[in-house]
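Structure record follows, encoded as structure tokens.
Any read-out appearing in this document is the output of simple, stated calculations on the displayed coordinates, not a laboratory observation. Since the structure is predicted, the reported quantities are computational estimates derived from the model, not experimental observations. When we count neighbours, we look across all protein chains shown, and the Cβ atoms used for this are built from the backbone with ideal geometry, even at glycine.
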């Protein structure tokens with residue numbers, strides 16, 4: 001069994017390496033059984049930003065880059081797509097028996113009106129697919145996933161790859177559809193590019209997730 005190492009980002013986020021692997025549900029359940037927090041998309045952005053931008057000489061920087069190349073780096077931030085093009089985004093939603101998040105428009109709207117920070121909303125018309133690094137930082141869909149700071153971090157990360165970043169999201173759904181999110185690097189055209197994924201089914205095993213450690217439980 002590989003020794004687990006706790007790493008701290010410059011923003012104070014403590015996470016553990018190596019990550020858990022498996023489907024979205026398997027990763028999140030393993031983290032919860034360990035008594036720790038699942039990573040939101042903004043936290044995943046912070047973890048990768050620390051490794052790739054802030055401290056590229058960290059011995060784990062190469063490992064995290066390799067993880068994103070070989071796996072989906074999973075986040076416990078999910079999305080509800082509606083037929084009219086609107087999208088709700090929620091951090092750490094409850095998972096149903098099928099492993100997908102339980103997200104109901106009426107409940108999400110109530111949380112949104114109550115200014116619950118775990119829920120965000122995206123109007124129709126946001127940019128999908130390949131885009132510039134600048135567009136990625138300003139994309140309302142990416143900001144809903146990762147926050148304004150996280151979107152800026154993702155843009156900087158994307159700038160370290162040769163190809164333009166890519167945003168995956170659903171389009172033209174016929175009924176309310178729930179998906180989970182991830183971050184990875186696609187070896188498109190034999191050269192990498194950062195991929196922001198908000199349309200993952202979650203049931204493929206080629207994924208992993210870091211657990212976020214509370215300060216009271218960090219190793220002495």
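Only Cα pairs within less than 10 Å get springs; with that Gaussian network setup on the chain, which residue of 151, 114, 75 has the largest fluctuation? Among 151, 114, 75, the largest mean-square fluctuation in the Gaussian network model of the chain belongs to 114. Label sites at residue 58 and residue 171, each approximated as a point 7 angstrom past Cα along Cα to Cβ, lie 3.5 nm apart. Legend: ranking of residues 201, 24 from fewest to most surrounding C-beta atoms inside 10 Å; resulting order 201, 24.
Kirkwood radius for segment 111-196, taken over all pairs of different Cα atoms as the inverse mean of 1/r, rounds to 13.8 Å. Calculated mean residue ellipticity, 222 nm, the chain: -8500 deg cm²/dmol, from DSSP H runs (n ≥ 4) at -39500 (n - 2.57) each, averaged per residue and rounded to 500.
Applying 1/(1 + (r/R0)^6) with R0 = 30 Å to the Cβ-Cβ distance of residue 132 and residue 33, what FRET efficiency is obtained, to the nearest 0.05? E between residue 132 and residue 33, to the nearest 0.05, is 0.15. The mean of 1/r over all pairs of different alpha-carbon atoms in segment 1-129, once inverted, gives a Kirkwood hydrodynamic radius of 16.4 Å.
Between the alpha-carbon centers of segment 102-162 and segment 1-45, tell me the distance in whole angstrom. That distance is 21 Å. For residue 111 and residue 123, the difference between the fully extended length at 0.36 nm per residue and the C-alpha to C-alpha distance is 2.6 nm. Note on the chain: Rg/Rh from Cα positions, Kirkwood definition for Rh, rounded to two decimals, is 0.95.
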